[in-house]
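Below is one structure, written out as structure tokens, with a few remarks after it.
The values are calculated or read from the model by the stated rules, or taken from the named source; none is laboratory data. All figures in this text were calculated on a predicted structure; none of them were measured in a lab. Quick reminder, even Gly has a Cβ in these numbers, built from the backbone with ideal geometry, and neighbours come from all protein chains shown. What goes into the accessible areas is simple: the full protein's heavy atoms, side chains included, and nothing from ligands, DNA or RNA. Shrake-Rupley method; radii C 1.70, N 1.55, O 1.52, S 1.80 Å.
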Amino acid sequence: MNGAQALLQALIQEGVEHVFGHPGGAIMPVYDALYDAPIQHYLVRHEQAAAHAAAAYHRVSGRVGVCLATSGPGALNLVTGLADALMDSSAVVAITGNVPRALIGTDAFQEADVTGATMPVTKHNYLVTRADDLPRIVKEAFYIARTGRPGPVLIDIPKDVQLEAFTGAFPERVHLPGYRPTEEGHPRQIEKALAALEEAERPVLMVGGGARHAHAEIRAFAERTGIPVIPTLHGLGAFPGTHPQCLGMPGMHGTVAANRAVQYCDLILGIGLRFDDRVTGRLERFAPHARTIIHVDIDPAEVGKLVPTHIPVVGDAKQVTAELAAGARPLRLEGWWRTIRAWQEQYPLRIPERPYLQTPEVIRAFWEATGGEAIVTSGVGQHQMFVTQHYPFNKPRAWVTSGGLGTMGFGLPAAIGAQVARPDALVIDFDGDGSFQMTLQELATLVKYDLPVKVVILNNGFLGMVRQWQELFHARRYSEVYLADSNPDFAKLAAAYGIPGVRVERREDLAKGVDAVLGTDGPVVAEFRVHHEEGVFPMIPAGGSAEDMIVEDPREEVKA
Amino acid sequence: MRHIVSVLVEDHPRVLTRITALFARRGFNIESLAVGRTHQPGTSRIAFVVRGDDHTIEQVEKQLNRLVEVLKVTDHTEPHIERELALVKVHVAGLEERLEIREIAAAYRARTVDVARRALTFEVTGEPSKVESFIEQLRPYGLLETMRTGAVAMSRGVKALKPREKEAVREKEAV
Ligand SMILES: Cc1ncc(C[n+]2csc(CCOP(=O)(O)OP(=O)(O)O)c2C)c(N)n1
């Protein structure tokens, strides 16, 4: 057995069935071993896509996603995907080839200091110097990736190590004296949290991506206490979006009710979220009346990082929430709910009445036609925010988007990872015309593996989100955001890959278009031509607080 | 506030890079840094001096603890011993200066480690403030070269910086 074969053996022992990657010289022994291995490899057309697919694979299945790349350019193409996975806590193991040991540090062909380059974008990384270390390192990498706060781990393997004779053992256990995540919350802190809750008059529960595996516990706790629930971008689905206690997302493009509730609450119980600046806005003005902030997170470094925390609980969201639910009593919140209901009535999420097709209408049409049963991925921009507003996620692990890094081009590769993880699920990628074009080459991957992903491009002919900011903050000086003059004919583009295309330009054809997309068996690329100058509202301008919220589109009249 | 923090780490390649990169990325400013092996094979100990309020120091500690190869972190607030070593080379203009300089060195218990016609080199150890003050005393004579190791620290008494007690971790099912 050589190092590469030992690597494959170790992956199989970790239960790996699918990997995403792209070959090259320095990883060839691994690809050679893969040829005989009971692992399905998905050939992507750019390594960034492999990393995003692996991250999405984890997010929808809970299993560690794996990606492969060759040395130098291949490995560096993973960097964005790894950074994205780190920010959004996706468990990914990346395996890269490197030049032979003797050439490391000599500027050899396709050499790059990959462990150095990925240090800031991984939870941990390894440069393997002996084939015999491989099984131990693989075991550690998977353990680190999926435990504690999930994250990406990279294993860089010089080519000669892949070819070296393997005489080592496959360990059963990991021994990492410096790594021990705390999973059980401190009972004393949990008691304190419950006591504080009972005293609160206007509490809110905020849940983030760290709570996605704790949805049953979150629901039990929320329903027992009757507390208003505010899921963040990654928390959407951790609590049902159509549940009467759900106020919707907070933050920059959050609902008025969610943001007002945070602004006027006297207690925040935050579970598995990190108080990102897109959620808090100006920190000094965040939740000014909250006398108590309780923060539950498995990563101690997140607790108290940005928002001063009165009751820190370091532990796993599922375990801690279960204990909170067990100890909680119904709270008397009638007055608080009356206030919240009034905000909801006064400021519902509205789709403005306009003579042309708008993005939210398309999103809602898909939600209605699918009964909310799809797994949804997205690009980054206005369309992404419209999904958060108009697609109520009722189930966990059904929404995969790039939050922390905000990576355009995430949608299609993520849909690939999601579809591989859940072959029977309906997977829809809501994408922007800008975002889609950053990784559109992955249409080839859909074709090659017959992945029936539905790509729904919300084509507004602009880098819409940037255009919106230019409109609001730069006097409509639309600098370098116009795409319509050079966008491809998306249906023809799909056809070039052998994928059927659908195009809808008018509202009257919306339902038919949606049916055409959902009625197609394999992959589809659908283009919905939406209005050029839509805006996402409500909006809190960057650096503002809930008081600075722009509730509705400030333009009186939008030209059709 | 000035803090001296000790970190016990596994002695792997790039551990120091990981730590300094973390400081750089998080915007923590290191005043001094000293590293060396410990008596326990496979572990090294780092001492660094950093300035910041309680929040910053808490963040430094928490971020360090996230690193897989970090075994233990201590911010020395309890009674502790702190030392720094410096080599200081000073210009000697004439006999009178030579005598003065030697007198200063004696007061600081600095050892003469090199003697030349126009220069004296001393080795001085002590609390960083003492090293600082020694250097300041010699400054008027013309400092030619100084090299400081950065502070090292240890708690007093029987207390020692040890890895957290841990068992080899049993494999747990994912999800
Ligand atoms: C890789 C990358 N480059 C640039 C940006 C900055 N950015 C954020 S949103 C956006 C516009 C997105 O346009 P599009 O995908 O068409 O979506 P829309 O906003 O029009 O719905 C840009 C350029 C980014 N998030 N990611």
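Under 13 Å from a point placed 7 Å out from the Cα of residue A:195 along the Cα-to-Cβ direction: which residues of the stretch A:309-324 have their backbone N that close?
A:311
Please sort by residue number the chymotrypsin sites (Phe, Trp or Tyr not before Pro) in the stretch A:75-143 whose DSSP state is loop and whose Cβ has at most 16 other Cβ atoms within 10 Å. Could the numbers behind the result be given before it?
Working: sites: A:109, A:126, A:142, A:143; in loops: A:109.
Those satisfying the criteria are A:109.
If you take each beta carbon of peptide A:178-186 and count the beta carbons of other chains within 10 angstrom, what is the mean?
Details: counts 15, 9, 6, 2, 0, 1, 0, 0, 0.
So the per-residue partner count for this stretch is 4.
Using a 10 Å cut-off on Cβ atoms, rank the peptides A:50-59, A:23-32 from the highest mean neighbour count down.
Numbers: A:50-59: 32.8, A:23-32: 20.5.
So the order, starting with the most tightly packed, is A:50-59, A:23-32.
Provide the descending list of Cα extents for chain A along its principal axes, expressed in whole angstroms.
71, 61, 41
State to the nearest 20 debye the size of the charge dipole of the stretch A:359-537 about its Cα centre, where the only charges are +1 on K and R beta carbons and -1 on D and E beta carbons. Walk me through the numbers on the way to the answer.
Details: 15 positive and 21 negative charges, 53 e Å.
Dipole of the stretch A:359-537, to the nearest 20 debye: 260 debye.
Given a cut-off of under 8 Å on Cα pairs at least six residues apart, what relative contact order in percent is computed for chain A?
Working: 1314 pairs, mean separation 75.0, N = 560.
Computed over chain A, the figure is 13 percent.
Starting from the residue with the highest accessible area, list A:255, A:96, A:242 in decreasing order, probe 1.4 Å.
Ranked from most to least accessible, the order is A:242, A:255, A:96.
What do you reckon, how do A:469, A:337 stack up by accessible area (1.4 Å probe), largest on top? Please list the in-between numbers first.
Details: A:469 70, A:337 40 Å².
The residues order as A:469, A:337, largest area first.
Averaged over A:55-64, how many beta carbons belonging to a partner chain fall within 10 Å of each residue's beta carbon? Numbers along the way, then the final one.
Details: counts 0, 0, 0, 1, 0, 0, 2, 2, 2, 1.
Taking the mean over all residues of the peptide, I get 1.
Suppose R0 equals 25 Å; then what is the FRET efficiency for residue A:508 and residue A:242 from their Cβ-Cβ distance, rounded to the nearest 0.05? List each step's numbers first, then the result.
On the way: r = 28 Å, r/R0 = 1.11.
The calculated FRET efficiency here is 0.35.
Remind me, relative contact order of the stretch A:1-67 in percent, using alpha carbon pairs under 8 angstrom and six or more residues apart?
Values: 73 pairs, mean separation 23.7, N = 67.
For the stretch A:1-67, the relative contact order is 35 percent.
State the answer as a single residue: which of A:82, A:441, A:283 lies farthest towards the positive end of the charge dipole of the protein assembly as shown, with beta carbon charges of +1 for Lys and Arg and -1 for Asp and Glu, about the Cα centre.
Value computed over the given set: A:283.
Pick out, in residue order, every one of the trypsin sites (Lys or Arg not before Pro) in the stretch A:421-507 that is DSSP loop and has at most 15 other C-beta atoms within 10 Å; say none if there are none. Walk me through the numbers on the way to the answer.
Working: sites: A:448, A:454, A:467, A:476, A:477, A:492, A:503, A:506, A:507; in loops: A:476, A:477, A:506.
For trypsin sites (Lys or Arg not before Pro) across the stretch A:421-507 that sit outside H, G, I, E and B with at most 15 neighbouring Cβ atoms in 10 Å, the list reads A:476, A:477, A:506.
Could you point to the residue in A:271, A:522, A:253 farthest towards the positive end of chain A's charge dipole, with +1 and -1 charges on the Cβ of Lys/Arg and Asp/Glu respectively?
About the Cα centre, the residue reaching furthest to the positive side is A:271.
I'd like the FRET efficiency for residue A:170 and residue A:370, computed as 1/(1 + (r/R0)^6) with the beta carbon distance as r and R0 of 56 Å, rounded to 0.05. Write out the running numbers ahead of the final one.
Values: r = 44 Å, r/R0 = 0.78.
Given R0 = 56 Å and the Cβ-Cβ separation, E is 0.80.
Looking at the stretch A:12-64, which GluC sites (Glu not before Pro) are DSSP coil and have at most 15 other C-beta atoms within 10 Å of their C-beta? Working shown, then result.
Numbers: sites: A:14, A:17, A:47; in loops: A:14, A:17.
For GluC sites (Glu not before Pro) across the stretch A:12-64 that sit outside H, G, I, E and B with at most 15 neighbouring Cβ atoms in 10 Å, the list reads A:17.
Given R₀ = 35 Å, what would the calculated FRET efficiency be for residue A:489 paired with residue A:35, taking r from the Cβ atoms and rounding to 0.05?
On the way: r = 39 Å, r/R0 = 1.11.
For residue A:489 and residue A:35, the calculated efficiency is 0.35.
Leaving ligands, DNA and RNA out of it, report the carbon-plus-sulfur percent of the accessible area of chain A at a 1.4 Å probe. Can you show the working numbers first?
On the way: 10550 of 20760 Å².
Ligands and nucleic acids excluded, carbon and sulfur reach 51 percent.
Please work out how much length the chain gains when fully extended from residue A:450 to residue A:395, using 0.36 nm per residue of separation minus the C-alpha to C-alpha distance, in nm with one decimal.
17.2 nm
Binning at 10 Å from 0, report for chain B what percent of all alpha-carbon pair distances ends up in each bin.
Spelled out per bin, shortest first, that is 9, 31, 26, 20, 10, 3, 1, 0.
Over all residues in A:165-177, what is the mean tally of Cβ atoms on other chains that come within 10 Å of each residue's Cβ? Walk me through the intermediate numbers first.
Details: counts 0, 0, 0, 0, 0, 0, 2, 3, 5, 4, 4, 6, 16.
Mean inter-chain Cβ contacts per residue within 10 Å come to 3.
Setting aside same-chain residues fewer than 8 positions from residue A:512, which aspartates and glutamates have a Cα under 18 Å from its Cα?
Within the straight-line cut-off, residue A:512 pairs with A:361, A:368, A:521, A:527.
Which net charge results when you count Lys and Arg as +1 and Asp and Glu as -1 among the other residues whose beta-carbon is under 12 Å from that of residue A:542? Don't skip to the answer; put the middle values down first.
Working: positive: A:278, A:282; negative: A:277, A:548.
Surrounding charge for residue A:542 is 0.
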